[in-house]
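In what follows, a structure is listed as structure tokens, so that the remarks can point back to it.
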Amino acid sequence: ILPAIFIAYKLFKTIYGGLIARIISVALFFFFAFSENFDIVSYNSEHVPMLLTILAFYFLVRAHEKSVNNKKNNLSLFLCGLITGLLPYSKYQAIPIAFALCIIALSSNFFRKENFIRKNFIILLGLLIPTALLLVYLYLFDLKEEFLHYYVFNDNEYGIKGLLNTSRNWWDMQKYRPVDNWLEKLFLIPRLIIMSKDTVLYFSVMAVMSV
């Protein structure tokens, strides 16, 4: 939590200046310090994606600073892409966050129209490195099926069951059944993303921050 708050301070200082950054950071600190929510009191899997998200956004903002030279801007873009590429492997439910960050990063370069092809290429290069390394590892040690079963399918079913238990508006709740076919399991992912309240919240927050 503390590293995430520190990076958040650096981020807000870059955008708004020192005073506003200190006010926001102090508010964040006291929120986490006095929260009694069981997801925050002790270590949990939410902390890593929180840190990676704020880091990726920080490097994206740094990349657009006019006072920084091109080499540092390119490095910041690369790190933004690299950290965003790591997000899905820090927590499966962080895929929508990674997707939102990717869209924001690529579109921000496009609308600025300053070497946006080269800048987006740098982001995509960093974005693909974690997945490329993972694929090499999976193929070298023949762990492809284990990865699909234990990470993709199991987490997907876990998320779907959580939505079914909490959302009464799920359109096929009454028709829900265990899915055994791997292709059907894969197509559950878009529905999980669309119907998740957390996903809507993440996209809304990222949209506001991008403005």
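The values are calculated or read from the model by the stated rules, or taken from the named source; none is laboratory data. The structure presented is a predicted model; accordingly, all values stated were derived computationally and were not measured. Heads up, the Cβs are rebuilt from the backbone with ideal geometry, glycines too, and the neighbour counts pull from every protein chain shown. Note: areas computed on protein heavy atoms with side chains; ligands, DNA, RNA excluded. Shrake-Rupley method; radii C 1.70, N 1.55, O 1.52, S 1.80 Å.
Quick check: at a probe of 1.4 Å, how many percent of the accessible area of the range 1-160 sits on carbon and sulfur atoms? Percent of accessible area from carbon and sulfur atoms in the range 1-160: 70.
What is the gain in length, in nm to one decimal, between Val152 and Phe121 on full extension, counting 0.36 nm per residue of separation less the C-alpha to C-alpha distance? Mind dumping the intermediate values first?
On the way: separation 31, 0.36 × 31 = 11.16 nm, distance 2.74 nm.
That pair, Val152 and Phe121, stretches by 8.4 nm at full extension.
For the range 80-139, the solvent-accessible area of protein heavy atoms averages 53 Å² per residue (probe radius 1.4 Å; ligands and nucleic acids excluded). Cβ under 10 Å from Asn109's Cβ, Asn109 left aside: what net charge do those residues give with Lys, Arg +1 and Asp, Glu -1? That sum, taken over residues with Cβ under 10 Å, equals +3. Pairs of lysine residues in the range 1-119 that meet both criteria, 8 or more places apart or on different chains and Cα atoms under 24 Å apart, total 14.
Work through the residues other than Phe59 whose Cβ is under 13 Å from its Cβ and net out their charges, Lys, Arg +1 and Asp, Glu -1. Write down the numbers at each step before the final one.
Values: positive: Lys10, Arg62, Lys72, Lys119; negative: Glu65.
Here the charged neighbours net out to +3.
Sorted on the mean count of surrounding Cβ atoms within 10 Å across their residues, most packed first, peptides 80-86, 28-34 read 80-86, 28-34. Can you figure out the FRET efficiency of Arg22 with Asn74, using R₀ = 41 Å and their beta-carbon distance, to the nearest 0.05? It comes out at approximately 0.85.
A protection proxy built from the mean count of other Cβ atoms within 10 Å ranks the segments 142-150, 116-124, most packed first, as 116-124, 142-150.
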